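Here's the structure, in structure tokens; my notes come after.
The values are calculated or read from the model by the stated rules, or taken from the named source; none is laboratory data. Treat the numbers as computed from the prediction; the structure is a model and nothing was measured. Cβ: placed from backbone, ideal geometry, glycine included. Neighbour counts: every protein chain shown.
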């Protein structure tokens, strides 16, 4: 790195890495580290957009090797900064056919759009979902660090996650294999409404609901014992069978609107009366 200027191109970095890898003193550990450096460098980029372009008109295609086989399961959230300004974050999984990497889209209207890699001890596994605002001055998210349970993540930086607290474990029969989130939590008068997905017998995916404390979302106030949404007979067949799955929902005119994937074959929408759901949870 000492041979590179303070600001350098990806081509310059790649050239230097190739020279270093072919040096006689390079060990197998050195070569693996160099490959990882290049892998990370290729995963972060900024892309041009028209100044009038809105988030609704933005279409993303894989631009780096890390996401060459997929940009999967984006949890997109409209984020309100402490000064009242608006930006959009979209956490997703980059897949190159063998390895996954947690990524984040940052979209600031009329300014820029970038893709970063998420770093830190707890930026692991799939399905990190950001809260739509800071809590106690910190970025907060729901993640599945260990591939089985749900954790509350906190950070001073949007792309580095070093704090995590386990808050929910699989409890019921329909989620006993593993649980995850179904998008960013939604703020209601009763608390943070978090939709979850649970995997049970025969790898059946269902959608559940959890209520978190408004001021301390590490506190679980209540949880539905039965799924909110399960695949019916017509929804069980598909490329990935027996699955209903969502990456985000919204509240509109007193209803919870849930767009959801159907066994990787189609998309459906479910409409749930919000007051009725909250009454079951409270």
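Of all the criteria given as (1) more than 18 Å from residue 40 (Cα to Cα); (2) at pLDDT below 95; (3) assigned to a strand (DSSP E or B), the one not satisfied by residue 140 is (2).
Looking at 13, 60, 76, 19, just one residue is touching a residue at least 24 places away in the same chain (Cβ under 8 Å) and more than 30 Å from residue 142 (Cβ to Cβ), and that residue is 13.
Against the test of being at negative phi and at pLDDT 95 or above, the options 129, 113, 123 yield a single qualifying residue, 129. When region 258-278 is filtered for residues that are in contact (Cβ under 8 Å) with a residue 12 or more places away in the chain and part of a helix (DSSP H, G or I), the ones remaining, listed by number, are 274, 275, 277, 278. Starting from residues that are surrounded by 10 or more Cβ atoms within 10 Å (Cβ to Cβ) and at pLDDT below 75, keep the ones in region 27-57 and report whichever is nearest to residue 14 (Cα to Cα). Step by step, filter region 27-57, then rank; the result is 49.
Looking only at residues in region 164-179 that are at pLDDT 95 or above and assigned to a strand (DSSP E or B), the one that is surrounded by the fewest Cβ atoms within 10 Å (Cβ to Cβ) is 165. If only residues of region 180-208 that are assigned to a loop (DSSP other than H, G, I, E, B) and within 14 Å of the chain's Cα centre (by Cα) are counted, the one that is farthest from residue 78 (Cα to Cα) is 182.
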